[in-house]
Amino acid sequence: MELLSPAEFAKEKLQAVEDYSLLAGQSIVNLFRHPRYFADMIQQADLVGFGSLPVVVLTGGFTGAVLTLNSANSLQRFGSLSLLGQLVSVGMVRELGPVLTGLMVAGRNASGMASELGSMVVTEQIDAMRALGTDPMKKLVTPRVVSTVFMLFFLTIISDLLGLTGGGLFASLLLGLDFHQYWSSAWQILQYQDLFMGLMKPLLFGFIISTVGCYYGMSARGGTQGVGRATTQAVVASSLMIIVVDLIATKFLMSIFGYR
Amino acid sequence: MSAPPTTLEQPLTPAAGSVSPILVFENVSIGFEDKPVLNAISFHLNRGETKAIFGIAGSGKSTLLKLALGLFKPDAGRIQVLGDDVTQMPEDALFELRRKIGMVFQESALFDSLTVRENVAFRLLEEGDIPEDEVEQRVREALSFVELESTIEKFPSELSGGMRRRVAIARAIIAHPELLFYDSPTGGLDPVTSTTIVQLIVKQRDVSKTSALLVTHRLQDAFTMATHYFDRKANEMRPLPPGARAEVPMSFLILRDGNIIFDGDVHELARTKDEYIREYVA
């Protein structure tokens, strides 16, 4: 591996940030420019949305269940087991639902996008597309961004609902709590602000997953090894960005809503 | 002696009678990672002419085609394609220009998730306003030109290397381009398949009279093109009678270390005294 001087390393990283920002910006600008590829958007929505459904269903359900088990243990110490539904509800909707769904979709789709586009780059298919007079940014990147943002929003809702249901089932089956009581307390505690916070995040995470996946795919170099590297980097970078952006977004939204 | 009777039917693209340049390179230089690839090269391609570009691997042949398509920007110099300066054009305008150009890539570069039909029809489908029946008819017409109509439903992975090149030629010619670029179309193919590809290129040249740049490291392919013509009646490539010149002009350009060391026709090439070229030709 070639060793770079600190100045060259910094220059390379700054260039990568600039290239990523340009790709992300262009993917939004292209929404307002012709041609728009609706068929490609629907195809991608199917791949991202329905394709990720099993993994999101399992993640949501099991996370809700394990959150219930852990929270019940802590609440029992304070004699507040009746608050279980509220705690699981707020935890799932505001934080765990969006973040875990985002991470699972990142693992599945950022890698898929990076490997698919990367393979197209190294086999000159992207050059061929440009040579045929088609803008790969409009044809390949924008549909992936739109579909991921749109589908992650609904996948998060499904994950939240299954998390609450999974938690409720475990609460009633293992802890002997009344399912209806659990469900009504979980539902009633939720405020508009909680839903806003929980449903704002998948929009940001969907954008991160798709733009990072497309960026690493479009900048893949060096044959099949380069495609493999791009795929790994896409998953690592999108997962890290989700976690960092989650913290920033949570702090920002909490300050807007006056939470402490 | 006059050119052999080519008995052409209606050409796919009408040939222009003028000899105005369709492509001009003026002092074009480009390098990658501080390594110069092309050094201030200048040449032009006349309308209706076919020019074969030679050079050893890494001499900048493919780079030259990508520069002409605007896929790369040169470090210095100007490139005029169909009257437009591609070095100054924004990407959106380049997409418009590229629709008038056909390109056959080195490894075909077919879209592997699309069928042969979708690959060949790609450009027409992107234009959006062409009726489905017409698209189907033109796809079949282009595939029958390369004699691969039977593969229409197949995916590129199901085709041999030679078949993929032929599909790539069909994809390049379907929109009746004014200019065609071939990037090593016979590279990595066996001699029999190479001859089939050369025959198709000669057929396209003589039937459509489309201006073309052909990049290759196989001199024999370009010699075959310069010394043969396509007989439409017999539907095969035939040698030109002795002393005859092809109806479509053909020239040669040789690159060495990023510089042009030869630019002329087959007769000038045969008479050259340059040691390197003589060795290359031998």
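Each value in this text was obtained by applying a stated rule to the coordinates, not by laboratory testing. Just so it is clear, the structure is predicted and the values come from calculations on it, not from any experiment. No Cβ is skipped: glycine too gets one built from the backbone with ideal geometry, and neighbour counts run over all protein chains shown.
For B:Lys35 and A:Leu4, the FRET efficiency from 1/(1 + (r/R0)^6), where r spans their Cβ atoms and R0 equals 22 Å, is about 0.80.
If one computes P(r) from the Cα atoms of region B:163-211, what percent of pairs lie at distances over 13 Å? The proportion of pairs with Cα distances above 13 Å equals 56 percent. Using the Kirkwood radius built from alpha carbon pairs, what does the Stokes-Einstein equation give as D for region A:93-185 at 25 °C and 0.890 mPa s, in µm² per second? In µm²/s, the coefficient rounds to 152. Comparing mean-square fluctuations of A:Arg33, A:Arg130, A:Arg108 from a GNM of chain A with C-alpha springs under 10 Å, the top value falls on A:Arg33. Pairs from the table (B:Lys73/B:Lys203; A:Lys138/B:Lys73; A:Lys139/B:Lys51) lying more than 23 angstrom apart at Cα are B:Lys73/B:Lys203; A:Lys139/B:Lys51. With 41 Å as the cut-off, how large is the P(r) tail for the protein assembly as shown, expressed as percent of Cα-Cα pairs? For the protein assembly as shown, the fraction of Cα-Cα distances above 41 Å is 37 percent.
Legend: P(r) of region B:217-282 from all alpha carbon pair distances, 10 Å bins from 0, whole percents, reading 18, 48, 24, 8, 1. Within region A:121-260, the proportion of Cα pairs with more than 18 Å between them is 69 percent. Size check on chain B: the Cα extents along the three principal axes, sorted descending, read 53, 47, 37 Å. Note on chain A: GNM, Cα springs under 10 Å; of A:Ser219, A:Ser74, A:Ser27, the largest mean-square fluctuation is that of A:Ser74. In vacuum, with every alpha carbon of region B:107-176 counted as one equal point scatterer, what does the Debye formula give for log10 I(q)/I(0) at q = 0.13, 0.15, 0.22, 0.25 Å⁻¹? Two decimals, please. So the normalised log intensities are -0.29, -0.39, -0.85, -1.09. Summary of the geometry: region B:50-120 and region B:123-172, compared by the centres of their Cα atoms, lie 20 Å apart. Taking amide H atoms as placed 1.01 Å from N in the peptide plane, the amide H of B:Ser211 lies under 5 Å from those of B:Gly48, B:Leu180, each 5 or more residues away in sequence or on another chain.
The Cα center of region A:71-135 and the Cα center of region B:250-282 differ in position by 59 Å. Relative to the 2.2 N^0.38 Å rule of thumb, region A:9-139 has a C-alpha radius of gyration ratio of 1.53. For chain B, the 222 nm mean residue ellipticity estimated from helices alone, with every DSSP H stretch of n ≥ 4 adding -39500 (n - 2.57) and the total spread over all residues, rounds to -10000 deg cm²/dmol.
Near the amide H of B:Phe252, within less than 5 Å, lie the amide hydrogens of B:Ala52, B:Gly264, B:Asp265, all on another chain or at least 5 residues away, with H placed in the peptide plane. With a Förster radius of 25 Å applied to the beta-carbon distance between A:Gln225 and A:Gln43, the computed FRET efficiency rounds to 0.30. Across all Cα pairs in region A:28-79, the calculated P(r) in 5 Å bins from zero up to the longest distance comes to 4, 15, 12, 12, 10, 9, 9, 8, 7, 6, 4, 2, 0 percent per bin. Here the simple spin-label model places points 7 Å from the Cα toward Cβ, and for A:Phe154 and A:Thr232 these points are separated by 3.6 nm. Full extension of the chain between B:Glu118 and B:Gln220 yields a length gain of 33.4 nm, computed as 0.36 nm times the residue separation minus the alpha carbon distance. According to the Cα-based calculation, Rg over Rh for chain A is 1.06, with Rh computed by the Kirkwood formula.
In region A:182-233, the ratio of gyration radius to Kirkwood radius, Rg to Rh, stands at 1.37 when only Cα atoms are counted.
Within the listed set B:Ala40, B:Ala168, B:Ala222, the residue fluctuating most in the Gaussian network model of chain B (springs between alpha-carbon atoms under 10 angstrom) is B:Ala40.
With θ taken as phi - 60° and the Karplus curve 6.51 cos²θ - 1.76 cosθ + 1.60 applied, the whole-hertz 3J(HN,Hα) list for region A:80-86 is 10, 4, 5, 7, 4, x, 5 Hz, x standing for glycine and proline. Along region B:251-256 the Karplus relation, 6.51 cos²θ - 1.76 cosθ + 1.60 evaluated at θ = phi - 60°, assigns HN-Hα couplings of 10, 10, 9, 10, 9, 9 Hz to successive residues, with x for each Gly and Pro.
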